[in-house]
Structures are given as C-alpha cells and as structure tokens.
Amino acid sequence: MKNKVHLLAGVIATLCIATFFISTIVVELFGSPDAIAAVKGLIVMPGLFILIPSIAATGGTGVALSKFRKGPFLDKKKKRMPFIGANGILILLPCAIFLNQWASIGSFDTKFYILQIVELVAGAINLTLMGLNMRDGLRMTGKLTN
C-alpha cells in the first residue's frame, strides 16, 4: 500500500510542477496580463494546496519505504531529496506567492520578470531531479531496466 501511495503522490507532485511550469511559459508567451494573473492565482490556489500535501505524502512514504531497502539508487534518491525540498520551500513557494501578489495588482515590472525567471529555473531543476528520482524508483522496483 505504501508503494502505491508513494507512486501516486509522486506522480501528482510532478504533474503539478510540470503544469505550473508549462502554463507559466504558455501564458507569458501568449497571454494577456489578466491571463497571467489568473494563472498565477490558480498556481497558489488550488495549486499549492494540491502540491504541498502530495510532496509531503511522497516524502513520508519514501522515508518509510527506505527503511527496508538499500542500494545505489536509494542513495541517489536520498541525496536529491534535500535539494528538492529546499528548492521548493526556499525558492518556488515564495516565488509563487510573490508573483501571484504582483500579478494580481498588475505589477509586471523588471522584478516580476526576474523572479519569474528564477521560478522557471528552479522549477526546471526540481522537475529534472524529481524525474530522476522516479526513474531510480522504478529501477529499484524492477519496473524499469537500465
């Protein structure tokens, strides 16, 4: 059961971040200021209220599952997790909140776009690391070879 919860929560968290990332790029390239504000608002609510519990569930079940396993794939996953967490809490969460606040008042100035770039870079890094963790998890369970 923990395996299924871990997999489902990890997929939900990854899909949330990917959705935030893609929707941000699309709306920045093709959307109006109102559309940008709407996307930023949706990322915060309900987006973060879906993402944060899914990340917590992924981490909690991952810790529980790791008690019974050892090996190089697990070691790699454990090394990535603190960076994923710190990146999310220290960079992505504040970026989402500030960008939403600024977009909601139409403040699309230099600081908005600098922070937007920071958020996109941090999001791309987390997506990459989470994808590597998913790959290594599938390798650990034998569902993926090489």
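The values are calculated or read from the model by the stated rules, or taken from the named source; none is laboratory data. Small disclaimer: the values here were computed from a predicted structure and weren't measured. Positions of Cβ are generated from backbone atoms using ideal geometry, with glycine treated the same way; all protein chains shown enter the neighbour counts.
Sort through 50, 91, 117, 125 and tell me the only one that's within 20 Å of residue 4 (Cα to Cα) and modelled with pLDDT of 95 or more. So that I can check it myself, show each step before the final result.
Working: 91 fails: within 20 Å of residue 4 (Cα to Cα); 117 fails: within 20 Å of residue 4 (Cα to Cα); 125 fails: within 20 Å of residue 4 (Cα to Cα).
Only one candidate passes the filter, namely 50.
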Self-check item: Counted residues, the stretch 40-51 - those being free of Cβ contacts under 8 Å to residues at least 40 places away in the same chain and among the aliphatic types (A, V, I, L, M)
Solution: 4
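Residues are listed down the side, and each one gets a yes or a no for (1) touching a helix residue (DSSP H, G or I) at 6+ places or on another chain (Cβ under 9 Å); (2) more than 22 Å from residue 23 (Cβ to Cβ); (3) surrounded by 12 or more Cβ atoms within 10 Å (Cβ to Cβ); (4) of a type in the set (Asp, Glu):
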site	(1), (2), (3), (4)
82	no, yes, no, no
88	yes, no, yes, no
101	yes, no, yes, no
110	no, yes, no, no
125	yes, no, yes, no
137	yes, yes, yes, no
Quiz item: Condition test on residue 69, is it modelled with pLDDT under 95, assigned to a helix (DSSP H, G or I) and of a type outside the set (A, V, I, L, M)?
Solution: no
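Which residue is farthest from residue 65 (Cα to Cα), if the candidates are limited to the stretch 123-146 and must be free of Cβ contacts under 8 Å to residues at least 24 places away in the same chain and within 17 Å of the chain's Cα centre (by Cα)? So that I can check it myself, show each step before the final result.
Keep residues of the stretch 123-146 that are free of Cβ contacts under 8 Å to residues at least 24 places away in the same chain, which gives 128, 135, 138, 142-146.
Filter again for within 17 Å of the chain's Cα centre (by Cα), leaving 128, 135.
Details: 128: 22, 135: 16 Å.
Selected residue: 128.
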Quiz item: Inside the stretch 1-38, can you point out the residues that are among the polar types (S, T, N, Q) and assigned to a helix (DSSP H, G or I)?
Solution: 3, 14, 19, 23, 24
Practice problem: All but one of (1) loosely packed, with under 13 Cβ neighbours inside 10 Å; (2) in a helix (DSSP H, G or I) hold for residue 42, so report the exception by its number. | Solution: (1)
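Might you check whether a residue that is at pLDDT 95 or above, closer than 16 Å to residue 119 by Cα and among the hydroxyl-bearing types (Ser, Thr, Tyr) occurs anywhere in the stretch 20-37?
Start the filter on the stretch 20-37 by keeping residues that are at pLDDT 95 or above, which leaves 20-37.
Adding the requirement that they be closer than 16 Å to residue 119 by Cα leaves 20-29, 36-37.
If we keep only those that are among the hydroxyl-bearing types (Ser, Thr, Tyr) as well, we get 23-24.
Looking through the stretch 20-37, at least one residue is at pLDDT 95 or above, closer than 16 Å to residue 119 by Cα and among the hydroxyl-bearing types (Ser, Thr, Tyr).
Could you please find all residues in the stretch 92-133 being in contact with a Lys or Arg (Cβ under 6 Å, 6 or more places away or on another chain) and within 18 Å of residue 36 (Cβ to Cβ)? First the steps, then the outcome.
Within the stretch 92-133, the first condition is being in contact with a Lys or Arg (Cβ under 6 Å, 6 or more places away or on another chain), and the residues that meet it are 99-100, 103, 129, 133.
Correct list: 99, 100, 103.
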